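Student: First the structure, which I've put down as structure tokens, then a few questions once you've had a look.
The values are calculated or read from the model by the stated rules, or taken from the named source; none is laboratory data. Quick caveat, the model's predicted, so the values are computed rather than measured. Reconstructed Cβ throughout: ideal geometry from the backbone, glycine too, with neighbour counts over all protein chains shown. We work out accessible area using only protein heavy atoms, side chains counted, and drop any ligands, DNA or RNA first. Shrake-Rupley method; radii C 1.70, N 1.55, O 1.52, S 1.80 Å.
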Amino acid sequence: LYNGTLKRDVENRRYSSYSQMEGWGSKHYSKPICSPARAGSDYCFVQNIKSSRSEPDLYCEPPRGTLRKSQVGSRAEHKATLNRQSIYSSCSTQQGTTRTSKKMPARALSCPSSNKPDVVYAQPMMSCKQDMVYGQAQSGSKICGDEIDGGTMTIQKAIQLLCSSDDKYQAMGAYFLQHTCFQDESAKQEVYRLGGIAKLVELLRSTNQNVQRAAAGALRNLVFKNPTNKIETRRQNGIRECVSLLRRTGNTEIQKQLTGLLWNLSSTDELKEELIQEALPVLTDCVIIPFSGWSDGTCNRTREIIDPEVFFNATGCLRNLSSADMGRQTMRNYPGLIDSVMTYAQNCVASNRPDDKSVENCICILHNLSYRLDAEVPNKYTQLNHMARSVYMDKTLTGCFNSRSGKMENDEYGVPLPEEDFKPKGPSWLYHSDAIRTYLSLMDQSKKDATLEACAGALQNLTASRGLMSNAMSQLIGLKEKGLPRIARLLQSNSSEVVRSGASLLSNMSRHPVLHKTMAHQVLPDVSRLLSFQSGNTNSYGEIMTSACYTLRNLIMSNPHLGKSYLTSNMLNNVVSLCRNGSCPKAAEAARLLLTDLWSNRELQSVLKQQGFDKNMMGSLAGTAFRTLSSRF
């Protein structure tokens with residue numbers, strides 16, 4: 001069902017998994033032209049893990065006061081294409097007093113597709129933004145303002161101060177480096193060249209809290225968007241020292257710096273394995289679980305002693321780590337982690353705080369952990385899938401299935417769906433109805449595009465397989481929870497990434513005939529409008545159009561009488577343009593197959609003829625698929 005390789009694409013954008021073009025272009029039309037082609041094609045988008053690649057911020061510690069910086073343009077960046085699983089990645093930059101957030105490249109799962117619709121997982125996403133609070137030192141930093149002469153202090157002198165036996169001068173040098181690296185990008189290379197990183201790491205072992213805080217802040221700024229300094233910090237044993245100090249300190253300001261440092265480090269793939277081993281346990285046990293409000297009765301730390309910013313940084317770090325294969329597997333199995341993240345998100349929804357800044361990180365973590373869930377985590381659907389295949393094979397041998405079927409359909413398993421856990425725990429949370437309700441509630445309440453995209457991406461992952469889980473999750477979302485109107489609203493978003501996630505999710509769900517009637521009435525107008533008016537000036541255009549073509553095909557072919565009213569001239573003209581679009585090959589293939597199937601139905605063919613279509617035009621547009629169809633009549 002999946003091509004299990006992970007490889008970087010040209011731009012390292014995101015994980016994308018294509019594995020579903022089954023039944024497209026390979027159907028056997030043995031009936032008269034008036035009989036519709038079989039509905040329910042498998043083009044499926046899975047939003048894989050959204051890699052949270054986020055770099056919190058540079059942290060400046062001047063002499064007095066606090067400064068809260070606003071973030072501009074923050075958003076989760078890695079989205080899955082068609083039915084993909086998604087990975088979130090987040091990064092933020094800060095220049096002077098202004099912080100901007102931009103996308104960090106993430107990896108993409110790419111699975112070659114034949115001429116069958118791909119199951120697209122919403123990909124693991126790294127966090128691509130951060131609403132960080134930039135706080136200037138409120139305590140201990142007076143030393144920097146009163147005793148350092150900015151006109152005479154240099155980076156070289158500051159590094160020499162780090163070697164002083166006097167705590168006061170050690171802190172003075174570290175604060176200067178922190179402030180300088182905050183303001184001057186070139187200062188980071190100079191500190192690296194003079195060996196300052198090793199000395200700062202050593203100061204993390206100091207017994208003086210002012211020195212610890214200054215050293216952690218300096219390292220945090222030094223590694224910000226600087227891969228060389230990140231690798232050097234790891235080489236100097238900085239990750240282990242950072243985690244060790246975080247485990248033993250109770251000082252909130254030091255915790256903020258250390259968790260911010262870990263978040264910055266976690267955006268580099270080369271460091272993720274060590275961070276998963278060293279930082280994941282401490283962040284989960286000492287920050288995530290205590291602050292989240294979840295308890296299994298064994299936690300003895302109270303929420304009040306954890307600062308919200310520390311929790312925000314910790315979830316940002318875990319958002320990045322969840323985009324890695326090893327991190328995804330380890331985090332699913334780590335006791336209390338999923339429970340805590342889900343509990344926090346649910347509590348925010350219940351208290352009408354959908355845009356709490358940590359909610360986005362939490363949903364992105366859950367989105368990432370849902371990537372390839374049915375394939376990677378044994379669950380209640382795993383055994384049922386085996387049973388369903390046995391039933392299918394038995395019926396095939398006895399001739400119960402028409403030879404036209406060619407494969408086992410999603411709604412022909414003949415196996416009852418399992419009952420869900422009354423009290424979900426760990427990975428079972430990821431596909432529980434309470435989780436689905438949380439995602440749908442956030443779609444209603446949140447104004448943040450990254451959160452909306454992550455919610456759709458998580459649902460996209462759950463509906464991306466060809467097994468019973470996809471069938472059950474699609475019915476749960478569309479029928480029981482009545483989530484289709486909320487998903488359809490995503491198609492009207494100004495964010496192309498949100499539109500892409502929503503379109504991919506609908507494409508996944510449209511594979512199941514049991515949903516066709518409901519979807520035709522609730523989402524067909526939005527999907528046809530999308531295909532009629534979507535402009536081609538975004539990076540997501542091809543993926544959006546591919547999803548829309550497959551969804552439209554599934555729904556119209558299931559009810560041609562209803563569907564023909566949506567075959568407007570604008571929509572058909574756009575489909576024709578897609579057929580001729582060499583820059584979007586997947587969308588072009590989806591458009592050709594859509595036209596071929598429409599032509600195969602006499603009622604719909606008459607609509608096409610009214611719009612000027614004929615056999616010659618169809619042959620030039622649809623190519624091999626149409627010629628194969630014509631040869632069978």
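Student: So with the 1.4 Å probe, I'd like the accessible area per residue for region 482-632, rounded to whole Å².
Tutor: 37
Student: What are the ³J(HN,Hα) values, in whole Hz, obtained from phi via the Karplus relation 6.51 cos²θ - 1.76 cosθ + 1.60 with θ = phi - 60°, for each residue of region 207-212 in sequence order, with x given for Gly and Pro?
Tutor: These are the phi-based 3J(HN,Hα) values: 8, 8, 5, 5, 5, 4 Hz.
Student: To continue, here is another question. Just to confirm, what accessible area per residue do you get for region 153-267 at 1.4 Å probe, in whole Å²?
Tutor: I get 36 Å² per residue for region 153-267.
Student: Additional query: Hey, with R₀ at 41 Å, roughly what FRET efficiency would residue 580 and residue 481 work out to, going by the Cβ-Cβ distance, to 0.05?
Tutor: The calculated FRET efficiency here is 0.55.
Student: Ok, one more. Take the solvent-accessible surface of the protein heavy atoms, probe 1.4 Å, and return the percent of it on region 485-609 that carbon and sulfur atoms account for.
Tutor: Roughly 47 percent, rounded to a whole number.
Student: Under 14 Å from a label point 7 Å along Cα→Cβ of residue 207: give me every residue in region 153-184 with its amide N that close.
Tutor: Once the point is set 7 Å along Cα→Cβ of residue 207, 166-167 turn out to lie under 14 Å by backbone N, inside region 153-184.
Student: In what order, largest first, do 230, 615, 586 sit by accessible area if the probe radius is 1.4 Å?
Tutor: 615, 586, 230
Student: On average over all directions, what projected area in square nanometres does region 153-267 have, based on the convex hull of its Cα atoms?
Tutor: 6.0
Student: In whole Å, what three semi-axes, largest first, describe the equivalent ellipsoid of region 225-354 built from its Cα gyration tensor (square root of 5 times each eigenvalue)?
Tutor: 24, 16, 13
Student: Report the Rg/Rh value for region 482-632, based on alpha-carbon coordinates and the Kirkwood definition of Rh.
Tutor: Looking at region 482-632, the ratio lands at 0.95.
Student: Ordered by residue, what ³J(HN,Hα) values in Hz, to whole numbers, does region 349-356 give under the Karplus form 6.51 cos²θ - 1.76 cosθ + 1.60, where θ = phi - 60° and Gly and Pro are x?
Tutor: My calculation for region 349-356 gives 5, 5, 9, 6, 10, x, 10, 3 Hz in order.
Student: So what's the projected area for region 312-359, the Cα convex hull averaged over all directions, in nm²?
Tutor: Dividing the Cα hull surface by four gives the mean projection, 3.3 nm².
Student: Starting from the Cα of residue 419, step 7 Å along the direction of its Cβ; do the same at residue 433; then give the gap between the two resulting points in nm.
Tutor: 1.2
Student: Another one. Distance cut-off 19 Å, Cα to Cα: go down the list 425/480; 425/447; 230/272; 517/564 and report the pairs above it.
Tutor: Cα-Cα > 19 Å for 425/480; 425/447; rest within.
Student: Sort out for me the Cα centre separation of region 200-253 from region 519-564, rounded to whole Å.
Tutor: 51
Student: Name all residues of region 499-530 having a backbone nitrogen under 18 Å from the label point set 7 Å from the Cα of residue 611 along its Cα→Cβ direction, giving them as ranges.
Tutor: 524-530
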